[in-house]
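To start, the structure itself, in structure tokens.
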Number of protein chains: 2
Amino acid sequence: MAGTDLTQRGLGDGIAAGAPAIILIEPQLGENIGTTARAMLNCGLTEMRLVKPRDGWPNPYAQAASSGADVVLESATLFDTAEEAVADLEHVYATSARPRDMIKPVVHPRRLAAELRRAQGVQAPTGILFGPERTGLRNEHLVLAESLVEVPLNPAFCSLNLAQAVLLVGYEWFQSGLEETALTDTVLPYPGARPAKSEDVRLFFEHLEAELDATGFLRPLEKRPRMVRNLRNLFLRARLSDNEVRTLRGVVRYLAQHEPQRDPEDGP
Amino acid sequence: MAGTDLTQRGLGDGIAAGAPAIILIEPQLGENIGTTARAMLNCGLTEMRLVKPRDGWPNPYAQAASSGADVVLESATLFDTAEEAVADLEHVYATSARPRDMIKPVVHPRRLAAELRRAQGVQAPTGILFGPERTGLRNEHLVLAESLVEVPLNPAFCSLNLAQAVLLVGYEWFQSGLEETALTDTVLPYPGARPAKSEDVRLFFEHLEAELDATGFLRPLEKRPRMVRNLRNLFLRARLSDNEVRTLRGVVRYLAQHEPQRDPEDGP
């Protein structure tokens, strides 16, 4: 990891200390190592460990496929065996379908993320094993892990490549670092504007209703309160900005003239 | 969609009626349409709509890249404009970074999935817009959508390809159809076995402790209760299967003989 200063390179904003290592066991194609690095960095994961990559290391195809995530590749560490790659870790997980002959706890990526965050909180180093593209992890690798990670997807068609499997696990890791509200709330940003003040909205309503009264639209009078209420609710649901309220007042003013204008900039 | 019977083809297990349509606006590379189809089918999504794919349709590169998800490609529908592609939908979302000049609700893919499920429950058709690979959606597309979908990832390195963006949105959709416990619990499957009965576990403990008593391991006697408790807890944490309890009894029996056996199958 020497020589890699993520902060200096400006890639460290989403990266927390104590994130899990991504351990690729016997990856076959350099291109897949590159796309995996890209998937990792998207999720704030930077520690890649490689166990016997088939085509040697470093691999120029990996760099070409990493779309700029070469910082992950440059700091990747190489191991001869899976045992050595996990030796310093306190919690090891393995991504795999359930084997038919092993009794092994199975967790969802969301549960995995919660366990990894708990380990991060007590400075316990963690890692996740991913197998060779064609065959996946073998039993000798699964026994290194305390739990298996299984991504529930369409049982009739489950076809993820290596980078996609890493992306889904990393995605849950990254989301688990966000506030719960970021996952479940709707955000309404007002770029270059502010939510309108209630009084300005009320003045717009009164302007609109006065003009509508003048045209006879809000008749008969016994229906007026309901019509006004419905109109106000419609505009309130839009949660108007200050600019939009000004625009709407212009719209009403122009419409109420009953005559087309040549140039709106001239004013009424 | 005529001629496509997912049930018949055995691909329908994870697919629910009322899933959102995935709408690709002016996709550039056929290969990306194919990998998107693959990502969709992984997540039980089968309705693909294409608006002006750059290289025409059908596209042989799409099929080659779909890894068997050609059922999605075969039933894809083609449109000339984004407006036509969303005309029949009641809720339209657009995947995009936040524009600087638009006031538009922004939701997380998890929130999106919850909203889509709610719509599914009342038979409201829904769709999600994805833009061209290089440029993303333009403002003319964003105004078709009631909300934007934003995937929070490493702010210093956010680099998803089209299929990966669809995969993350589809992943949340698929997971939202599972029981909450499937996401947060640990599952311990016992393939070919059953969890051991308490009595069998107790008999193993007594067997082990009797043999250890005989060897003098559980001395001094005032420490015996604590040592026994720790040993029992260790094995209980493993949540043994019936087979494993039998194996452990054999282990104790063999070890207790203090003599190596030539062939374990001969028995003690």
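The values are calculated or read from the model by the stated rules, or taken from the named source; none is laboratory data. Please read all numbers here as calculations on a predicted model, not as lab measurements. Quick reminder, even Gly has a Cβ in these numbers, built from the backbone with ideal geometry, and neighbours come from all protein chains shown. Quick note on the areas: whole protein, heavy atoms, side chains included, nothing else; ligands and nucleic acids left out. Shrake-Rupley method; radii C 1.70, N 1.55, O 1.52, S 1.80 Å.
Quick notes
- Potential lengthening between A:Asp80 and A:Ala97 on full extension [0.36 nm per residue; Cα-Cα distance subtracted]: 3.7 nm
- Residues whose amide H lies under 5 Å from that of A:Ala21, counting only those 5 or more places away or on a different chain, are A:Thr126, A:Gly127, A:Ile128; hydrogens are built 1.01 Å from N in the peptide plane.
- The 3J(HN,Hα) values that the Karplus relation (6.51, -1.76, 1.60; θ = phi - 60°) gives for the stretch A:211-219 are, in residue order, 5, 5, 4, 4, 8, x, 5, 8, 10 Hz. Gly and Pro appear as x.
- Under the criterion of Cα pairs below 8 Å and six or more residues apart, the relative contact order for chain A equals 19 percent.
- Note on chain B: helix-only mean residue ellipticity at 222 nm, from DSSP H runs of 4+ residues weighted -39500 (n - 2.57) and normalised by residue number, equals -12500 deg cm²/dmol.
- FRET efficiency for A:Asp213 and B:Ala87, using Cβ-Cβ distance with R0 set to 30 Å, rounded to 0.05: 0.25
- Distance between the stretch A:174-223 and the stretch A:33-81 - C-alpha centres, whole angstrom: 49 Å
- Carbon/sulfur fraction of accessible area - the protein assembly as shown, other protein chains in place, 1.4 Å, %: 51 percent
- Probing with 1.4 Å while keeping every protein chain in the model, the per residue accessible area of the protein assembly as shown equals 52 Å².
- Inter-copy label distances for B:Ala210: 10.0 nm (label point placed 7 Å from Cα along Cα→Cβ; shortest first).
- If you plug the beta carbon distance of A:Arg249 and A:Leu178 into 1/(1 + (r/R0)^6) with R0 = 41 Å, you get a FRET efficiency near 0.60.
- Across the identical copies, how the A:Arg237 labels are spaced - nm, sorted shortest first, 7 Å along Cα→Cβ: 5.6
- Interface B-A: total buried accessible area of about 4900 Å², 1.4 Å probe, protein heavy atoms only.
- With all protein chains modelled, accessible area of A:Glu180 [1.4 Å, Å²]: 120 Å²
- For A:Leu78, distant residues with modelled amide H under 5 Å away: A:Leu50
- Taking 0.36 nm per residue of separation and subtracting the Cα-Cα distance, full extension of the segment from B:Lys223 to B:Ala238 would add 3.0 nm.
- Listed residues B:Val86, B:Ser96, B:Val51: farthest to the positive end of the dipole of the stretch B:42-126 (Cβ charges): B:Ser96
- Cβ-derived FRET efficiency at R0 35 Å, A:Ala17 paired with A:Arg54, nearest 0.05: 0.65
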